[in-house]
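To start, the structure under review is shown below, and the notes come after it.
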Amino acid sequence: MVKIISVKPLADKTIHLIFSDGLKANIDIKPFIRGGISDELKDDTIFNSVKLDNLSGICWDNGFDFCPDVLWELAMKGEKQVA
């Protein structure tokens, strides 16, 4: 299982991720802000609270989260991969 070893919030609701296999990617989170708890990510303070969780994924202070597998798949599909 690939783990996320680093996450950093960027401008325009994008996050920079580094995975345990060395893959680095910038992923746009805007398509996942679709109501409910995810709407709170529109607030920059909440969005910038992103951090690693204890399951090798990421989460925000409001409880919204992503598992590493979903983010790794997005990164592998070319979702703004970076060097």
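The values are calculated or read from the model by the stated rules, or taken from the named source; none is laboratory data. Note that the structure is predicted; figures quoted are calculated from it, not measured. When we count neighbours, we look across all protein chains shown, and the Cβ atoms used for this are built from the backbone with ideal geometry, even at glycine. The area values use the complete protein model at the heavy-atom level, side chains included, leaving out ligands, DNA and RNA. Shrake-Rupley method; radii C 1.70, N 1.55, O 1.52, S 1.80 Å.
Key figures
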| read-out | value |
| --- | --- |
| Among (1) in contact with an Asp or Glu (Cβ under 8 Å, 6 or more places away or on another chain); (2) of a type outside the set (Ser, Thr, Tyr); (3) open to solvent by 30 Å² or more (accessible area, probe 1.4 Å) - the single one Cys59 does not satisfy | (3) |
| Odd one out for Pro68, checked against (1) more than 10 Å from the chain's Cα centre (by Cα); (2) in contact (Cβ under 8 Å) with a residue 60 or more places away in the chain; (3) open to solvent by less than 30 Å² (accessible area, probe 1.4 Å) | (1) |
| Residues of segment 40-52 satisfying the condition of being open to solvent by less than 40 Å² (accessible area, probe 1.4 Å) and in contact with a strand residue (DSSP E or B) (Cβ under 7 Å, 6 or more places away or on another chain) | Phe47, Val50 |
| Selection status of Asp53, within 14 Å of the chain's Cα centre (by Cα), among the acidic types (Asp, Glu) and over 16 Å from Met76 (Cβ atoms) | yes |
| Residues within segment 23-32 that are open to solvent by 30 Å² or more (accessible area, probe 1.4 Å) and not in a strand (DSSP E or B), tallied | 3 |
| The listed residue being within 17 Å of Lys77 (Cα to Cα), free of Cβ contacts under 8 Å to residues at least 40 places away in the same chain and in contact with a strand residue (DSSP E or B) (Cβ under 7 Å, 6 or more places away or on another chain), out of Ile29, Ile4, Ile15 | Ile29 |
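A quick yes/no check of all residues on (1) outside any loop (DSSP other than H, G, I, E, B); (2) in contact with a helix residue (DSSP H, G or I) (Cβ under 7 Å, 6 or more places away or on another chain); (3) open to solvent by less than 30 Å² (accessible area, probe 1.4 Å); (4) of a type in the set (Ser, Thr, Tyr):
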site: Pro9; (1), (2), (3), (4): yes, yes, no, no
site: Asp12; (1), (2), (3), (4): yes, no, no, no
site: Ile18; (1), (2), (3), (4): yes, no, no, no
site: Asp21; (1), (2), (3), (4): no, no, no, no
site: Glu73; (1), (2), (3), (4): yes, no, no, no
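Residues are listed down the side, and each one gets a yes or a no for (1) on the phi > 0 side of the Ramachandran plot; (2) open to solvent by 60 Å² or more (accessible area, probe 1.4 Å); (3) at pLDDT 95 or above; (4) acidic (Asp, Glu):
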site: Ser38; (1), (2), (3), (4): no, no, yes, no
site: Leu55; (1), (2), (3), (4): no, yes, no, no
site: Lys77; (1), (2), (3), (4): no, yes, no, no
site: Lys80; (1), (2), (3), (4): yes, yes, no, no
